[in-house]
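First up is the structure itself, then whatever we jot down about it.
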Amino acid sequence: MLKLDKVCAGYGRMRILHDVDLELGEGEIVALVGANGAGKTTTLRSICGQLKPMSGSITLDGVPTAGRRPDQLVCDGLVHVPEDRALFGTLTVEENLRMGAWTRSSAQATKSLAEVYELFPVLAERRTTVAQTFSGGQQQMLAIGRALMAGPRLLMLDEPSTGLSPKLTWTMLEAVRRIRDTGVAVLLVEQNAKQALAIADRAYVLESGATVLAGTGAELADDNRVRKAYLGL
Ligand code: ATP
């Protein structure tokens, strides 16, 4: 579904990604783990069209994404939840969610709204509350819910566990698994390698802008280099 082939990208003349290769199939959870500054966010920005790669290719369903704007890629089914969540703080939960449905018909939006409320019941309970009063976990649920309103086929999540307790992180990752079970593929960027590898079908380790290891979540969780560098074992 998604394929990155030798992608180099960066900011100005500074190259951050060096020949990144990555593949993601229909309905998979693929985790991208790595230390602070490894280039995980830069990889997501390159995929969603926010950043133009210097070289290499990115294809979605075999079609190059080069030249497609982020909003066009949303229409193709690729939706990105950035790390800062980018919510509309003074709008209510339901208004934020409906903003995510700008590509959809009214009937599709109503159906998705019911699905999001089923996935995250706290959002239904607080549908008239303004987003800025929410805790970190609730804001993350709202950001993911808003992305689901666009009807993605591929959802990209940048550090959904940021600022969450370990318990809330598990709740969030369980929701990610349920999203995958509805047929949505997920590219999950996490510094929190242990939890990300536990739910990933496959994973990549990014170091200094290069993909240095790849395997199933279980294989990488068992790999000595990963255990030492990322799992503190
Ligand atoms: P983190 O977990 O800290 O978000 P990351 O793996 O997502 O790390 P990136 O955010 O992709 O890493 O950053 C990779 C490198 O690119 C870092 O050295 C960072 O300082 C640099 N960088 C990120 N954004 C920009 C930008 N807008 N302009 C210049 N350099 C940037």
For peptides 124-135, 193-204, sequence by mean Cβ density within 10 Å, most packed first: 193-204, 124-135
So Thr129 and Asp61, fully extended at 0.36 nm per residue minus their Cα-Cα distance, gain in nm 20.6 nm
Expressed in angstrom and rounded, the centroid-to-centroid distance over alpha carbons for region 123-137 and region 1-60 is 32 Å
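What per residue convex hull volume, in Å³, do the alpha-carbon atoms of the chain yield?
Residue-normalised Cα hull volume stands at 115 Å³.
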Starting at 0 and stepping by 5 Å, how many percent of the alpha carbon pairs of region 28-125 end up in each bin? 2, 10, 16, 19, 19, 16, 11, 5, 1, 0
Roughly speaking, what is the stretch gain from Glu83 to Glu174, that is 0.36 nm per residue apart minus the C-alpha to C-alpha distance, in nm to one decimal? 30.9 nm
Roughly how tilted is helix 166-181, in degrees to the nearest 10 and between 0 and 90, from the longest Cα axis of the chain? 90 degrees
Around Leu78: net Lys/Arg minus Asp/Glu count, Cβ-Cβ under 11 Å: -1
Taking the chain and counting helices only, DSSP H stretches of n ≥ 4 at -39,500 (n - 2.57) each over all residues, the nearest-500 ellipticity at 222 nm comes to -10500 deg cm²/dmol
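Ala131: net charge of surrounding residues, Cβ under 15 Å, Lys/Arg +1, Asp/Glu -1, itself excluded?
Within the 15 Å Cβ shell, the charges total +1.
Quick one: dipole size for the chain, taken about the Cα centre, charges +1 on Lys/Arg Cβ and -1 on Asp/Glu Cβ, in debye to the nearest 20.
It works out to roughly 420 debye.
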Between Thr103 and Asp181, what is the label-to-label distance in nm when each label sits 7 Å out along the Cα-to-Cβ direction? 2.5 nm
If you project the alpha carbons of region 84-150 onto the principal axes, what extent comes out on each, in Å, largest first? 30, 20, 18
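Laboratory data are not the source of any read-out in this text; all were calculated from the coordinates shown. None of these values were measured; they are calculated from a predicted model. Every residue, glycine among them, receives a Cβ derived from its backbone with ideal geometry; neighbour counts consider all protein chains shown.
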